[in-house]
1. Checking residue 6 against (1) among the small types (Gly, Ala, Ser); (2) surrounded by 12 or more Cβ atoms within 10 Å (Cβ to Cβ); (3) at pLDDT below 80: exactly one of these is not met. Which one?
2. Report, ordered by the first and then the second residue, all pairs with beta carbons closer than 8 Å, sequence separation of six or more or different chains, a first member in the stretch 22-47 that is farther than 12 Å from residue 99 by Cβ, and a second member that is outside any loop (DSSP other than H, G, I, E, B).
3. Among what's in the stretch 42-57 and is surrounded by fewer than 15 Cβ atoms within 10 Å (Cβ to Cβ) and aromatic (Phe, Trp, Tyr), pick the residue that is nearest to residue 16 (Cα to Cα).
4. Assuming residue 63 fulfils every condition listed in (1) modelled with pLDDT under 85; (2) in contact with a helix residue (DSSP H, G or I) (Cβ under 7 Å, 6 or more places away or on another chain) apart from one, which condition is it?
Amino acid sequence: MELLSAIDILFGWVDLGILLLVVIINILIWKNKIKTNSWFYILTVICFVFVLPFLSATAELKMYDRGIGGLKPDAHELLYVYLRFPTYWIIGVIEIISLLIMKKNKSTPNNVWLPV
C-alpha cells in the first residue's frame with residue numbers, strides 16, 4: 001500500500017494513463033509497428049514539453065475544482081501541479097534517449113561484432 005500511495009503522490013490517474021500509452025507506443029516501436037523519423041522526434045519533444053504536462057495539470061486542477069477527494073485545497077496545496085512540467089520534461093528526456101538507443105540498435109545488424 002505504501003508503493004501505491006507514493007505513486008499517487010507523484011502521478012495522478014491521468015498521468016498513469018498517459019505513461020501507459022507511452023509504454024504501449026514504445027513497445028509498438030520496438031516491434032517495428034511504428035516507424036520513426038525526424039518528425040516523430042519533434043512531435044515527441046513537443047508532447048513532453050507542452051502538451052502532456054498541460055493536460056495533466058488541467059485534469060488535476062479540474063479534479064480539485066469539482067471537490068473530488070474531500071475538502072477543496074488552497075493555492076499552496078496545489079503548488080505541486082507546477083511540478084508536473086519538470087516531471088514530464090525528465091520523462092521526455094528519458095524517452096528521447098531510449099528512442100535513440102532503439103534506433104541505434106535497429107541500425108546495427110546482430111551478427112556484426114563491434115569493438116568496444
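The values are calculated or read from the model by the stated rules, or taken from the named source; none is laboratory data. Given the structure is predicted, the values throughout are model-derived calculations rather than measurements. Every residue, glycine among them, receives a Cβ derived from its backbone with ideal geometry; neighbour counts consider all protein chains shown.
1. Result: residue 6 passes all but (2).
2. Every condition considered, the pairs that remain are 32/106; 47/92.
3. Only one residue tops the list, namely 54.
4. Of (1) modelled with pLDDT under 85; (2) in contact with a helix residue (DSSP H, G or I) (Cβ under 7 Å, 6 or more places away or on another chain), only one is false for residue 63: (2).
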